[in-house]
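Colleague: So that we are looking at the same thing, I have put the structure below in structure tokens.
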Amino acid sequence: MLGREEWLPLARKLDWDYSYVREDEVFPEVISGRPWLPHSEWKDWEESFKTSYREYVENQYEKDMAVQAVRDAVGRIENVEKLAAPWLNGLKVHAAALPLAEFTGVIGNLRGARFGRDSAWRTMATFGALDEYRHTQIPLLLFHPLLRLDSQFDWAHKFYHTNNWFAVAARHFFDEITTGQNAIEFHIATNVVLETGFTNLQFVGLASLARESSDHMFERMVTSIQTDEARHAQIGHPVLATVMKHDPRYVQYLVDKWFWRNWRLFSILTGLSTDYLTALDQRPYSFKEFMEEWIIDQFLRTLDEFGLKKPWYWDLLLDELDIYHHMIYASAYSYRATLWFNFVIPGPRERKWLRQKYPKYWDDMDAVWEQISERWRTVGPGPENELAVHGTAMPTFCDLCQLPLSAGTPRKNTARVQVHDGRKYIFCSEPCQWIFLHEPERYASHKDIVKRVLSGEAPAQLPNLLTEYFNLTPETWGKDVHHGDYEWLKDRKDSAA
Amino acid sequence: MPIPLYGFLQGDTVGLLILADESDTLKALAGKLQDAASLRVAARDSVRLVYNDKIMDQAMTVAQAGFEALDRFDVVSG
């Protein structure tokens, strides 16, 4: 019987020459990706884990048992009930956004498992698909039962099946990066940019936030997922290195494009959780500090290793660290009934902290929160006054990222209108416009929420939009956690009187 | 037929869809945007309306100013 070191290399590197079909028919460029290269250019594809299926199953079993043990110990509803209300709502964001996004990762990896250009790549992508299936199942297992605690957790299953505006944006992103992508772009965009650049480290940061918030179940879940990501993210590096030898400009474009697209989505998911939906005394760092320490420096090192340049919009991105997620949070708060989780207003202590962490633009953001607080002060607290402290005009969305036109600063919004083939588009920022203009055939026919309303596909009246199109109900749509009943608002009212 | 426009009020965190009538004066249009954003931005008495990088005469109507569907306009402190 062959020993492991004898059979494993043979099994992993099982490629052969085709005699009755051409190689480009087995691996068509449209689905394998470009540049199309003969297998001789891919034959040295290698990764360091070199796992066998048996080892994979044994490792995953151990990890699943560890998750199960923590769930049994601290994952019951009575444990979750004790968590701070803002954190619980951050959980609802991740409960909705994470599981089925991971499932699209199954599809992307299976594409690599069939259309990857070397057998070792295809073997690793098979494990990647199994990983992503695990990352779908675990959060569904942990989050969906919380429906008994709070009906907003229903969105763990429901989110991607709705036309909620944030689901439209997330689907636009994941459909492109995973579901409908060729193998080369999928592995560079997902493994190198999304996982190595963002989620691998983001999960370390989220685990730390969860620990501070005493949410040991979530901490264990993201830690367990992160260990898988660290392994299958390795697929993208040798893919990138091979393409780099033949078409470095294309690689630079993919990295620039996908870093921006990832930044847009993850600044919202992580930025809101870190700076608003974690209790002040449980925040280990600001979102900007986390980005600078964990994402920015590490990503620049990765670029350097591959001989790539910083994306052309780098200075703009660094500037956005100070403001973008704050603009989004204030906008989302004022349209909270369009979402499936609840919000809090930053009070005087939080605003003092935010000013300290984000001195560059905080004056402008503070004025916005003062105005929103003033509205609560005028109408008084209570669930019956929720919609009196809510936006009424239709907010607007970017034709690339599908997120609200909330880029730039309160003083100068960076939205820009572009006419393409006789149709008018609007983009939140120069990078979103730049991506669109590079591949208009990919994006031009997609309609953002505003265009759907104007064309009659979606209802124009807010109540109908919420219930008929965004799949929300008065019970599940987002509210202020305290319905405006904040001690500090009362204090200010008393002192004003 | 109302004309849908992208309105950006200085001080606000998001652009808003504003439905303008051709006969609206630009002063009225600026007022519509300020009303729509009043949850987040306190009203200002003195504002300017910027369209195609030009400060507009607020006595003009939307039709006279040549607004077309899905154009951008800004209302800034003046």
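Only the coordinates and a few stated rules stand behind these numbers; no lab work does. Computed from a predicted model, the values in this text were never measured in an experiment. FYI the Cβ positions are ideal-geometry reconstructions off the backbone, even for glycines, and counts take in every protein chain you see.
Colleague: Test each condition in (1) of a type in the set (S, T, N, Q); (2) in contact with a His (Cβ under 6 Å, 6 or more places away or on another chain); (3) within 27 Å of A:D44 (Cβ to Cβ) for A:S267 and report the one that comes out false.
Modeller: Result: A:S267 passes all but (3).
Colleague: Can you tell me which residue in the stretch A:387-415 is surrounded by the most Cβ atoms within 10 Å (Cβ to Cβ), limited to those that are without any contact (Cβ under 8 Å) to a residue 24 or more places away in the chain and at the interface with another protein chain (Cβ under 8 Å from one of its Cβ atoms)?
Modeller: That would be A:L405.
Colleague: Something else: Output the residues belonging to the stretch A:416-439 that are free of Cβ contacts under 8 Å to residues at least 12 places away in the same chain and facing chain B (nearest Cβ under 10 Å).
Modeller: Answer for the stretch A:416-439, where residues must be free of Cβ contacts under 8 Å to residues at least 12 places away in the same chain and facing chain B (nearest Cβ under 10 Å): A:V417, A:V419, A:K424.
Colleague: Next question. Answer yes or no: is there a residue in the stretch B:12-24 that is farther than 21 Å from A:S331 by Cβ and either at the interface with another protein chain (Cβ under 10 Å from one of its Cβ atoms) or in a helix (DSSP H, G or I) (or both). So that I can check it myself, show each step before the final result.
Modeller: Step one: of the stretch B:12-24, the residues farther than 21 Å from A:S331 by Cβ are B:20-24.
Now restrict to residues that are either at the interface with another protein chain (Cβ under 10 Å from one of its Cβ atoms) or in a helix (DSSP H, G or I) (or both): none.
Among the residues of the stretch B:12-24, not one is farther than 21 Å from A:S331 by Cβ and either at the interface with another protein chain (Cβ under 10 Å from one of its Cβ atoms) or in a helix (DSSP H, G or I) (or both), which makes the answer no.
Colleague: Taking into account only those residues within the stretch A:440-456 that are small (G, A, S) and away from chain B (no Cβ under 14 Å), which is surrounded by the fewest Cβ atoms within 10 Å (Cβ to Cβ)? Give the steps one after another, and end with the answer.
Modeller: Within the stretch A:440-456, the first condition is being small (G, A, S), and the residues that meet it are A:444-445, A:455-456.
Filter once more, so that each one left must be away from chain B (no Cβ under 14 Å): A:444-445.
Working: A:A444: 13, A:S445: 8.
In this case the residue turns out to be A:S445.
Colleague: Related question: Conditions first: (1) charged (D, E, K, R); (2) out of contact with any helix residue (DSSP H, G or I) (no Cβ under 6 Å at 6 or more places or on another chain); (3) within 12 Å of another protein chain (Cβ to nearest Cβ). A:E468 passes all but one, so which condition is the exception?
Modeller: Just one mismatch for A:E468, condition (3).
Colleague: Which residues, counting only those in the stretch A:184-214, are over 17 Å from A:K257 (Cβ atoms) and of a type in the set (G, A, S)?
Modeller: Taking the stretch A:184-214 as the starting set, the residues that turn out to be over 17 Å from A:K257 (Cβ atoms) are A:199-214.
Result: A:G205, A:A207, A:S208, A:A210, A:S213, A:S214.
Colleague: Return yes or no: is A:Q152 over 18 Å from the mean Cα position of the chain (by Cα) and over 21 Å from A:I31 (Cβ atoms)? Write out each step before concluding.
Modeller: Details: over 18 Å from the mean Cα position of the chain (by Cα): yes; over 21 Å from A:I31 (Cβ atoms): yes.
Spelling it out, A:Q152 is indeed over 18 Å from the mean Cα position of the chain (by Cα) and over 21 Å from A:I31 (Cβ atoms).
Colleague: Please find, within the stretch A:357-386, the residue that is nearest to A:L316 (Cα to Cα) out of those that are among the aliphatic types (A, V, I, L, M) and at the interface with chain B (Cβ under 10 Å from one of its Cβ atoms).
Modeller: Going residue by residue through the stretch A:357-386, those that are among the aliphatic types (A, V, I, L, M) are A:365, A:367-368, A:372, A:379.
After this cut, where a residue has to be at the interface with chain B (Cβ under 10 Å from one of its Cβ atoms) as well, the list is A:365, A:367-368, A:372.
On the way: A:M365: 19, A:A367: 23, A:V368: 23, A:I372: 28 Å.
Applying the filter and picking the extreme gives A:M365.
Colleague: Filter the stretch B:51-78 down to residues that are at the interface with another protein chain (Cβ under 10 Å from one of its Cβ atoms) and part of a strand (DSSP E or B), then give me how many there are.
Modeller: Within the stretch B:51-78, residues that are at the interface with another protein chain (Cβ under 10 Å from one of its Cβ atoms) and part of a strand (DSSP E or B) number 4.
Colleague: Also: On the basis of being under 24 Å from A:V389 (Cα atoms), within 14 Å of another protein chain (Cβ to nearest Cβ) and either surrounded by fewer than 14 Cβ atoms within 10 Å (Cβ to Cβ) or within 13 Å of the chain's Cα centre (by Cα) (or both), does B:A28 make the cut? Lay out the reasoning, then the answer.
Modeller: Numbers: under 24 Å from A:V389 (Cα atoms): yes; within 14 Å of another protein chain (Cβ to nearest Cβ): no; either surrounded by fewer than 14 Cβ atoms within 10 Å (Cβ to Cβ) or within 13 Å of the chain's Cα centre (by Cα) (or both): yes.
So B:A28 fails the test.
For every residue, the table says whether it meets (1) out of contact with any helix residue (DSSP H, G or I) (no Cβ under 7 Å at 6 or more places or on another chain); (2) surrounded by 15 or more Cβ atoms within 10 Å (Cβ to Cβ); (3) over 30 Å from A:Q152 (Cα atoms); (4) polar (S, T, N, Q).
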position	(1), (2), (3), (4)
A:H325	no, yes, no, no
A:S331	yes, yes, no, yes
A:L339	no, yes, no, no
A:G347	no, yes, no, no
A:E350	no, yes, no, no
A:K357	no, yes, yes, no
A:Y361	yes, yes, yes, no
A:V368	no, yes, no, no
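Colleague: Here's something else I'd like to know. What is the one condition in (1) surrounded by fewer than 16 Cβ atoms within 10 Å (Cβ to Cβ); (2) under 30 Å from A:E439 (Cβ atoms) that A:E293 does not satisfy?
Modeller: The single condition A:E293 does not satisfy is (2).
Colleague: Within the stretch B:39-47, does at least one residue satisfy the condition of being in a strand (DSSP E or B) and either within 8 Å of chain A (Cβ to nearest Cβ) or within 30 Å of A:W369 (Cβ to Cβ) (or both)? Break it down stepwise before answering.
Modeller: Here is the first cut: in the stretch B:39-47, the ones in a strand (DSSP E or B) are B:47.
Narrowing the set further to residues that are either within 8 Å of chain A (Cβ to nearest Cβ) or within 30 Å of A:W369 (Cβ to Cβ) (or both) leaves B:47.
Yes, that holds for at least one residue.
Colleague: Let me ask something else. Condition first: within 24 Å of A:V80 (Cα to Cα), in contact with a His (Cβ under 8 Å, 6 or more places away or on another chain) and surrounded by fewer than 21 Cβ atoms within 10 Å (Cβ to Cβ). Can you find one or more residues in the stretch A:155-171 that meet it?
Modeller: yes
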